[in-house]
Amino acid sequence: MTSNIIESINLALVSARELPIYDFLEEVRKMFGRWNCSNNKEALHTYTMLRKKYQEILTLNDALFTRMTVVLSTEHLHMVNEEGRYYIVCLLKKNCSYGWFQVDELPCLHAWAVLKSKFLMPDDYCSDYYKPKSVIMAYEVPVYPLPDRSEWNIPAHILEEVVLPPKWKRPLVRPKEEV
């Protein structure tokens, strides 16, 4: 597994790279169609307020926040004491001096402690990107199949063009970064 999406796609298309361009594009289309359908189905069958991965993060926060003390400053501004270290949480701006609340747009452990102390719903302080409805919207656009070759309407000037392979092959190693 890799965190780089391009490397993931390249790995999935290793065998398809040897195919002619039309067949390669058809393999790419089918792969994205499968992924699209699978991710849409998963999102449709998510019954939590957040997607599974992010729900698990909040569940972990729920187990860890009990050792923290929350001190109210104003309605939206709070100080959280975690084993002698103090963090400032602002619910109105959705940020924490720890930094993760505003970066992840998901309540960090300190924001979680504040939300629980005020009996607020943590889901209201999570970005919509983590909610199933956003995933459903992302995957509701269909991946259309390519038409049959007999239905193609290719202009004559395109048919006359000769496409040659590149003159040079790139080396298989990554270029070294200059300092």
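Quick check on this structure: which one of VAL135, VAL141 is open to solvent by less than 90 Å² (accessible area, probe 1.4 Å), within 30 Å of GLN55 (Cα to Cα) and among the hydrophobic types (A, V, I, L, M, F, W, C)?
Just one listed residue meets the conditions, VAL135.
Considering segment 105-129 alone, what residues qualify as being more than 19 Å from LEU72 (Cα to Cα), outside any loop (DSSP other than H, G, I, E, B) and either free of Cβ contacts under 8 Å to residues at least 12 places away in the same chain or open to solvent by less than 10 Å² (accessible area, probe 1.4 Å) (or both)?
Of everything in segment 105-129, those that are more than 19 Å from LEU72 (Cα to Cα), outside any loop (DSSP other than H, G, I, E, B) and either free of Cβ contacts under 8 Å to residues at least 12 places away in the same chain or open to solvent by less than 10 Å² (accessible area, probe 1.4 Å) (or both) turn out to be ASP124, ASP128.
Looking at GLU140, GLU105, GLU161, GLU151, can you tell me which residue is closer than 30 Å to LEU25 by Cβ and under 27 Å from the mean Cα position of the chain (by Cα)?
GLU140
Show me the helices (runs of 4 or more DSSP H) found entirely inside segment 1-75 where at least 2 residues are over 30 Å from ILE88 (Cβ atoms).
Those helices (runs of 4 or more DSSP H) span 5-12, 21-44.
Regarding LYS52, is this residue of a type outside the set (A, V, I, L, M), touching a residue at least 12 places away in the same chain (Cβ under 8 Å) and either open to solvent by less than 90 Å² (accessible area, probe 1.4 Å) or at negative phi (or both)?
No.
Out of segment 54-86, which residues are under 28 Å from the mean Cα position of the chain (by Cα) and farther than 19 Å from TYR130 by Cα?
ALA63, LEU64, PHE65
The values are calculated or read from the model by the stated rules, or taken from the named source; none is laboratory data. Values in this document were obtained by computation on a predicted structure and should not be read as measured data. Here Cβ is always computed from backbone atoms with ideal geometry, including for glycine, and neighbour counts include all displayed protein chains. Note: accessible area is taken over every heavy atom of the protein model, side chains too, but ligands, DNA and RNA are not part of it. Shrake-Rupley method; radii C 1.70, N 1.55, O 1.52, S 1.80 Å.
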